[in-house]
1. Could you give every pair whose Cβ atoms fall below 8 Å, whose first residue belongs to segment 133-160 and is of a type in the set (S, T, N, Q), and whose second residue is in a loop (DSSP other than H, G, I, E, B), counting only separations of at least 6 or pairs across chains?
2. Looking at (1) in contact (Cβ under 8 Å) with a residue 40 or more places away in the chain; (2) under 26 Å from residue 145 (Cβ atoms); (3) open to solvent by 10 Å² or more (accessible area, probe 1.4 Å); (4) not hydrophobic (A, V, I, L, M, F, W, C), which one does residue 261 not meet, given that it meets all the others?
3. Take the residues of segment 78-107 that are touching a residue at least 60 places away in the same chain (Cβ under 8 Å) and assigned to a loop (DSSP other than H, G, I, E, B): which is most open to solvent (accessible area, probe 1.4 Å)?
4. If you go through segment 105-117, how many residues are out of contact with any Phe, Trp or Tyr (no Cβ under 9 Å at 6 or more places or on another chain) and β-branched (Val, Ile, Thr)?
5. Quickly run through segment 108-139 and pick out the residues that are open to solvent by less than 60 Å² (accessible area, probe 1.4 Å), outside any helix (DSSP H, G or I) and among the aliphatic types (A, V, I, L, M).
6. Of these, 140, 115, 89, which one is modelled with pLDDT of 90 or more, among the polar types (S, T, N, Q) and closer than 22 Å to residue 166 by Cα?
7. Consider residue 165 carefully, then state whether it is in contact (Cβ under 8 Å) with a residue 24 or more places away in the chain and within 29 Å of residue 257 (Cβ to Cβ).
Amino acid sequence: MRSRNPVFSRRGFSRDNGYAGFNTAPQAGGPAAATQGNPYAQPTGNPYAQNPYAQNPYAQQDVQHGAPPQAPATTGRMTIDDVVLRTASTLGVLILTAALSWALLPVDDANISRSYGIGIGAALIGMVLAFVQSFKRKASPALILTYAAFEGVFLGVVSNIVDSRIADGAAMQAVIGTMAVFAGVLIAYKAGWIRVNRRFYGFVMAAALGFIMLMMVNLLFAVFGGGDGLGFRSGAMGVIFGIVGIILGACFLALDFKQVEDGVAYGAPREEAWLAAFGLTLTLVWIYLEFLRLISILNSND
């Protein structure tokens, strides 16, 4: 399974990746073959048998000498603690630069154009850095943290504009909403209320593709026709699409949690925790911006 996050689908813990050890080619010979085409099926044998990172490289040698295979080594493997630490580092840089841009880039009438221009420029740079990291074969901590820094500048400026000119307290409400969605999805995922399987993945990807295409069409109509284009970002339709965007973000979080869980279970290298942190940061930024947009629409309708 590939995550919707380009970082996971390119180099993360997908079923095409050697870290997970999934084999999509059907194998003859019993029930074990049925599980190889399904990354969510419970394996009937050793789940590490096809995993070059999790299996003991000396297991074959031990069997030849009549000794039982040894347990898979864990040194240098990604853990949940690694993901938490690197995600905290990435979000910490993002929050720090957001706070600095909020304080140092005023959005009063005399300076709003300059500050907004800097914010948009930072967003474009962050987008380029995100694409570069997504297509790199290995995680680059410096690149990921630099992306977080520029993304923080953009979020700081946009949040300040919305908070001071549209809805007082909108930024804090969006932060609380994002934290609530993260906590809620994590609890639901750990409790088994959300089952991430192929059907779930296909539904989320189809919904996300449709959502993004509609937003692109709306943007084109807004650029060439003026106003809000087709009205997907204002009024009742804007509220509906804002809620849909937040729900999609929650689904993305579930996919991310599954990818992290698979990476830990199948012994991905420790440096892959940076990719997990990068993917989670992308999703949290998505959810925060959707909350901020929804709050803006609701207040502009008052």
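1. That search, which allows pairs on different chains as well, returns 133/139; 133/140; 160/105; 160/107.
2. Tallying (1) in contact (Cβ under 8 Å) with a residue 40 or more places away in the chain; (2) under 26 Å from residue 145 (Cβ atoms); (3) open to solvent by 10 Å² or more (accessible area, probe 1.4 Å); (4) not hydrophobic (A, V, I, L, M, F, W, C), residue 261 fails exactly one: (1).
3. Top of the filtered list is 79.
4. Residues flagged as out of contact with any Phe, Trp or Tyr (no Cβ under 9 Å at 6 or more places or on another chain) and β-branched (Val, Ile, Thr) within segment 105-117 amount to 1.
5. Of everything in segment 108-139, just one residue is open to solvent by less than 60 Å² (accessible area, probe 1.4 Å), outside any helix (DSSP H, G or I) and among the aliphatic types (A, V, I, L, M), namely 139.
6. Checking each option against the conditions leaves just 115.
7. Working: in contact (Cβ under 8 Å) with a residue 24 or more places away in the chain: yes; within 29 Å of residue 257 (Cβ to Cβ): no.
No, not satisfied.
The values are calculated or read from the model by the stated rules, or taken from the named source; none is laboratory data. Note that the coordinates shown come from a computational prediction; the quantities given were computed from them, not determined experimentally. In this analysis, Cβ positions are derived from the backbone assuming ideal geometry, glycine residues included, and neighbour counts consider all displayed protein chains. Calculation scope for accessible area: heavy atoms of the full protein, side chains included, ligands and nucleic acids excluded. Shrake-Rupley method; radii C 1.70, N 1.55, O 1.52, S 1.80 Å.
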